[in-house]
Structures are given as structure tokens and as C-alpha cells.
Amino acid sequence: MPLSAISVRQLHHVYGKGNLRKPVLIDINLDIFAGEIVILTGPSGSGKTTLLSLMGGLRSVQEGSLKVLGQELQGAKKRQLVQVRSRIGYIFQAHNLLDCLTAQENVRMSLRLHPEISFEERTRRCVEMLEAVGLGQRINYYPDNLSGGQKQRVAIARALVSQPQLVLADEPTAALDSKSGRDVVEILQRLAKEQGCTILLVTHDNRILDIADRIIHMEDGQLIQNVSSIESNSSSPNYSPALAESA
Ligand code: ADP
Ligand code: MG
């Protein structure tokens, strides 16, 4: 049995109270194995971001079990949440870079939770990471002077520089044209495979489904699993041409 990076059992989540009570996640069960690249699709409002924010320790688990990198998040202490967060890289739809910081300074921000890494080592890693995403010539640029695709590549460098075991990416290509979007996910895929890191990526973009080892689908707060073939060997990408072509 491969190692689980994420293990979800009977997870439920509700927003609001009383008349405003709205269930957004209903009995979610899911395992994502170490080293897998899993794509999560589904209509807007189906609960994808809520699920990712729970997995990322950015929101408290209400009901059910959610284990991330071996840590149970249900009832976890703040210290344990911080610990788990420091092992996760986040990439959001909007790049969320700080405009007042250069590319390198933005990437450096995500090493804040790692006091064990020296100043020089941080610089080395940031520069190396920006080179890996093709921005070696732009390390001292401010976000205003970078294109949308370049900013999202800085966001990838920022997510990966701490060598996280898990990357959670929420519609990372949504604001990009198709070519830049494709470039961005290919960089992400390559670096993740090199680092042996697990990726869960939410997308509406049918053109990038083929980078996934597995595709899962969400509707109305429920997971419809194994959109791609469940039987195929987990070591080979089980790309689903039928799905990709339905675009
Ligand atoms: P998706 O990412 O699939 O679009 P979300 O997880 O963002 O879905 O949202 C799922 C549902 O929960 C939507 O109906 C949304 O309006 C609602 N929702 C999201 N965040 C909140 C919140 N903080 N408070 C109340 N309702 C929310
Ligand atoms: Mg969303």
C-alpha cells in the first residue's frame, strides 16, 4: 500500500447557522498518495476551495477525519497546524505576490517558517528556484514589471522553495492565457516530480488535465471519484482522453 499524503474520511463542512446553514462538503472520502499529481475539477461553488483550505490547515475541520502528511487536522493544536503548513506549498488563482517586494524577496517570504536555514542558503535557494522557473534574469524585478505568467511562476517558486511535501494549487492558471497556463503547470509538474512532492490541483482548464496521474470530480459538495480509470497502474499517468476532449 503506498503512503497516503492526504487521507480524508467522512468529512463534512457547513457554512453559516440556523436558516443560513449551508452544507458545502458532504461525506468526503479520499486518499491521495505520496508523489501523486491529482487534479480536482468541478463547477464553481461545488466546494473545491473549501476542501483545499481544510487540507491546507487554513480552516478548522468541523466533522470527520482529515490526515495531512501524517497529522490529523481534526482537533489539531495551533502548533501542529503551523507545523503542517510549513510542509505545504500553496499556489492560488491570483498570484498573491506582495507588490512592494521583488521576485526574490517574495520567494524568500515562504522560508520564514524555516529558521534553521541560514541567510546565504536562503538566497541560494531562492535564486536557484527562480532560475528553475525560467526567471533567472528577473530575480530583482517587482511584480508590476512582470507578466501574468511570470508572476504565477514566481508564485510557483515561492510555493516550492521550501521543498514542501505537498503542493495545494487552486486554479493556478485561471488568470493566464492558454500558453502561459500550460507552461506554468508543466514547470510545476517537472519540479514536483524532481522533488518527489505530491500535488493536488484544482482547475477548470481542460487543456492541462493530462499532467495528472488521476482526475477527481466534485459536484454539490460531493466527490465523484475516479473519473479516470481506476484499474490503470498507479505508476503510469492514467490520462483520460475522453475527458480532455470534451472541452
Ligand atoms: P468552489 O471553489 O468549488 O467554487 P467554494 O468552496 O469556494 O467552491 O464554495 C462552496 C460553497 O460555499 C459556495 O456556495 C460558496 O458560496 C460557499 N462559501 C464559500 N466560502 C464561504 C464562506 N466563507 N462563508 C459562507 N459561504 C461560503
Ligand atoms: Mg474555488
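Of all residues assigned to the stretch 144-160, none qualifies as being more than 25 Å from Glu171 (Cβ to Cβ) and modelled with pLDDT of 95 or more.
Of the set (1) in contact with a helix residue (DSSP H, G or I) (Cβ under 8 Å, 6 or more places away or on another chain); (2) among the small types (Gly, Ala, Ser); (3) under 21 Å from Gly56 (Cβ atoms), all apply to Gly149 but (3). All of Leu69, Leu51, Leu73 fail the test of being under 13 Å from Leu223 (Cβ atoms) and modelled with pLDDT of 95 or more, apart from Leu51. It is to be established whether one or more residues within the stretch 231-241 are more than 20 Å from Leu40 (Cβ to Cβ), at pLDDT below 90 and in contact with a helix residue (DSSP H, G or I) (Cβ under 8 Å, 6 or more places away or on another chain). Taking every residue of the stretch 231-241 in turn, none turns out to be more than 20 Å from Leu40 (Cβ to Cβ), at pLDDT below 90 and in contact with a helix residue (DSSP H, G or I) (Cβ under 8 Å, 6 or more places away or on another chain). I need the full set of residues from the stretch 1-37 which are assigned to a loop (DSSP other than H, G, I, E, B), open to solvent by less than 50 Å² (accessible area, probe 1.4 Å) and on the phi < 0 side of the Ramachandran plot, in order please. Glu36, the sole residue that qualifies. Counting only strands (runs of 3 or more DSSP E) that sit wholly inside the stretch 128-224, those with at least 2 residues that are over 18 Å from the mean Cα position of the chain (by Cα) and within 16 Å of ligand 1 (Cβ to nearest atom) are 222-224. The number of residues in the stretch 59-108 being surrounded by 16 or more Cβ atoms within 10 Å (Cβ to Cβ), assigned to a loop (DSSP other than H, G, I, E, B) and among the charged types (D, E, K, R) comes to 1.
Among the residues making up the stretch 43-58, those that are outside any helix (DSSP H, G or I) and either of a type in the set (A, V, I, L, M) or out of contact with any Phe, Trp or Tyr (no Cβ under 9 Å at 6 or more places or on another chain) (or both) are Pro43, Ser44, Gly45, Ser46, Gly47, Gly57, Leu58.
Applying a threshold of 6 Å to beta carbon distances and a minimum spacing of six or more residues, or different chains, the list of pairs starting in the stretch 9-20 at a residue that is near ligand 1 (Cβ under 9 Å from one of its atoms) and ending at one that is at pLDDT 95 or above and open to solvent by less than 100 Å² (accessible area, probe 1.4 Å) reads His13/Val24; His13/Leu25; His13/Thr50; His13/Gln62; Tyr15/Val24. Filter the stretch 119-147 down to residues that are under 18 Å from Val184 (Cβ atoms), open to solvent by 30 Å² or more (accessible area, probe 1.4 Å) and touching a residue at least 40 places away in the same chain (Cβ under 8 Å), then give me how many there are. Counting residues in the stretch 119-147 that are under 18 Å from Val184 (Cβ atoms), open to solvent by 30 Å² or more (accessible area, probe 1.4 Å) and touching a residue at least 40 places away in the same chain (Cβ under 8 Å) gives 2. In contact (Cβ under 8 Å) with a residue 60 or more places away in the chain, of a type in the set (Asp, Glu) and within 25 Å of Ile26 (Cβ to Cβ): does that describe Asp213? Taking the combined requirement at face value, the residue does not satisfy it. Of everything listed in (1) within 13 Å of ligand 2 (Cβ to nearest atom); (2) outside any strand (DSSP E or B); (3) open to solvent by less than 60 Å² (accessible area, probe 1.4 Å); (4) of a type outside the set (S, T, N, Q), the single unmet condition for Leu40 is (2).
Under the condition of being more than 16 Å from ligand 1 (Cβ to nearest atom) and among the polar types (S, T, N, Q), the residues counted in the stretch 48-95 number 6. Pairing each residue of the stretch 53-66 that is without any contact (Cβ under 8 Å) to a residue 60 or more places away in the chain with any residue that is of a type in the set (Lys, Arg), provided the two are 6+ apart or on different chains, yields C-beta distances under 7 Å for Ser53/Arg59; Gly57/Arg85; Gly64/Arg9; Ser65/Arg9.
Restricting to the stretch 26-46, name every residue that is within 11 Å of ligand 1 (Cβ to nearest atom) and either touching a Ser or Thr at 6+ places or on another chain (Cβ under 6 Å) or β-branched (Val, Ile, Thr) (or both). Scanning the stretch 26-46 gives a single hit, Thr41.
The values are calculated or read from the model by the stated rules, or taken from the named source; none is laboratory data. Computed from a prediction, not measured in an experiment: that's the story for all the values here. No Cβ is skipped: glycine too gets one built from the backbone with ideal geometry, and neighbour counts run over all protein chains shown. Please note that ligands, DNA and RNA were not included when accessible areas were found on the heavy atoms of the full protein model with its side chains. Shrake-Rupley method; radii C 1.70, N 1.55, O 1.52, S 1.80 Å.
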